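Below: the structure, in structure tokens.
The values are calculated or read from the model by the stated rules, or taken from the named source; none is laboratory data. Being a predicted model, the structure only gives us computed values, none of them experimental. Because the Cβ atoms are built from the backbone with ideal geometry, glycine has one as well, and the counts that use them run over all protein chains shown. All accessible areas refer to the heavy atoms of the entire protein, side chains included, with ligands and DNA or RNA removed. Shrake-Rupley method; radii C 1.70, N 1.55, O 1.52, S 1.80 Å.
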Amino acid sequence: MGTFRSIEELVKSLDREKELLKEMFAKRKSLSFRYDYALEMTEYKEERIRYLIDYGVIRDTGDFLEMEDIYLKFFEDVLEVNEEINVSFVQDYLTRLNENIDYYLKENNEQRKYNYQREVKRCLKNIALTTVRNVMDLKRNMDNTYKNEPNYKIKKTKLVRLDEKRNNIALLIRKSEELIDYGQPTFFRVAMDVQMRNVVSDVKLQLNDSYHNLIEIQKQIIHYLNLIDYQNRILEKVKKLKYLKDQFLLEEHTNIRSVAAQKNPLWMEPQVGYRIKLSIDYLRTSDEAFQILKKLAARQKNSPKGMQQLADAIPEGYLDGQSQMIDTVNLQEVHNSFMASSTHLFAFVMNYRYRKEVTRGEKLIFFCQLASQYADELRFTDIYDVSDEVEYPLIYAK
């Protein structure tokens, strides 16, 4: 398997196949991304797909393609859509934190002590960041499980396991706070400069907020579990009633008639979706209806929405057809001509035959606009030249 030699090579490779990787990431749950579809997205250039496979970005499973776990996890973590809650990272950071504190206390060289101190700050920040993300993932997974899992038994089991992970996160939060407050008092007394004090303060605040969020999550999980039990009891009762009804034993084995007699069934009737209109003869002959109509007319007349002030008539002069011609330079046309040329952008703009007279200052503006608007289609070099006290870079078409 090949290895990327630099970050630039990695970023260029991912950018070149961003459409393919975007589609594969969107369909990461279905596991049905066909090789033929990937070939179509890479303009039927099989070597581009083979390049990603050889460098461990994707893997070939026959007729289908899958994204490698390391890149899949990277995208999920960065986009904060990870469904896996891994508390082992926090424990690893705690171990590394203790190790670097021990190294700091035993080291005599100031430069190396500073490096260990910096590593301690990084571990503290990672502990807080990982804990906050775990709490967010836990909350999202809890809601998704209750709302989207169709199987009641699996739903209940998942919520119980999420509660166990919640308990593990809370335990690690307490361990982290104990380590900061009581575990290494010598280090935090000796190495407590301004930056360390700010880091410790921020970490303790984030851990405290996360712990309070876990309390709310615990209450929500208990509420969801109670709802599941209640819904299961209702479902079992409905199944039993359905069975008795199918066997024509419902009235014999239940008191459904007495229960139904005590209920008002009107709330289950469908609501009328239209208004009942009064009779025309009633409106003509009834004095009561006449008085009501008079009140409605008076209310409508006095309403601020009843009579609206009308605007004056539009003058005839405004309706005369008028037009104005604006003579401008079409930058898209200049760009298309430049892409077909072989010279650099500055010389092309200065020597281009415009359809109107253009000053040198306007040409300089056109050069800057073309360089900024079409930067993705241009190749910028590190070579500069000077023309009439104007320094400019040499820019070519890709």
_Return the residues of the stretch 361-382 that are in contact (Cβ under 8 Å) with a residue 24 or more places away in the chain and more than 14 Å from V329 (Cα to Cα); say none if nothing qualifies._
A371, Q373, Y374, E377, L378
*Mind checking which residues of the stretch 188-220 are within 19 Å of R118 (Cβ to Cβ), within 28 Å of the chain's Cα centre (by Cα) and among the acidic types (D, E)?*
D202
*asked:* Considering only the stretch 104-118, I want to know if a residue exists there that is open to solvent by 60 Å² or more (accessible area, probe 1.4 Å), closer than 30 Å to T145 by Cβ and not in a helix (DSSP H, G or I).
replied: no
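For every residue, the table says whether it meets (1) farther than 21 Å from Y211 by Cβ; (2) more than 19 Å from the chain's Cα centre (by Cα); (3) touching a residue at least 12 places away in the same chain (Cβ under 8 Å); (4) part of a helix (DSSP H, G or I).
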position: Y93; (1), (2), (3), (4): no, yes, yes, yes
position: D102; (1), (2), (3), (4): yes, yes, no, yes
position: V120; (1), (2), (3), (4): yes, yes, yes, yes
position: N126; (1), (2), (3), (4): no, yes, yes, yes
position: T131; (1), (2), (3), (4): no, yes, yes, yes
position: M136; (1), (2), (3), (4): no, no, yes, yes
*Among the candidates P150, P185, residue that is of a type outside the set (D, E), open to solvent by 60 Å² or more (accessible area, probe 1.4 Å) and within 27 Å of the chain's Cα centre (by Cα)*: P150
*Does L10 satisfy the criteria of being touching a strand residue (DSSP E or B) at 6+ places or on another chain (Cβ under 6 Å) and either surrounded by 11 or more Cβ atoms within 10 Å (Cβ to Cβ) or outside any helix (DSSP H, G or I) (or both)?*
no
*Can you find a residue in the stretch 165-187 that is farther than 29 Å from K219 by Cα and free of Cβ contacts under 8 Å to residues at least 12 places away in the same chain?*
yes
*Could you list all residues from the stretch 13-43 that are in a helix (DSSP H, G or I) and more than 18 Å from E66 (Cβ to Cβ)?*
D15, R16
*Output the residue which, of all residues in the stretch 23-50 that are more than 15 Å from G62 (Cα to Cα) and aromatic (F, W, Y), is farthest from the chain's Cα centre (by Cα).*
Y44
*Any idea which residue in the stretch 32-87 is modelled with the lowest pLDDT, counting only those that are on the phi > 0 side of the Ramachandran plot and open to solvent by 70 Å² or more (accessible area, probe 1.4 Å)?*
E80
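Condition check ((1) surrounded by 13 or more Cβ atoms within 10 Å (Cβ to Cβ); (2) at pLDDT below 90; (3) under 18 Å from T131 (Cα atoms)) across all residues:
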| residue | (1), (2), (3) |
| --- | --- |
| Q206 | yes, no, yes |
| N213 | yes, no, yes |
| N232 | yes, yes, no |
| N255 | no, yes, no |
*Give, as residue ranges, the helices (runs of 4 or more DSSP H) completely inside the stretch 155-265 that count at least 3 residues that are within 22 Å of N141 (Cβ to Cβ).*
194-246
*In the stretch 342-353, how many are modelled with pLDDT under 85 and either surrounded by 14 or more Cβ atoms within 10 Å (Cβ to Cβ) or over 26 Å from V386 (Cα atoms) (or both)?*
0
*the stretch 329-341, residues that are open to solvent by less than 80 Å² (accessible area, probe 1.4 Å), aliphatic (A, V, I, L, M) and over 38 Å from the mean Cα position of the chain (by Cα)*: V329, V334
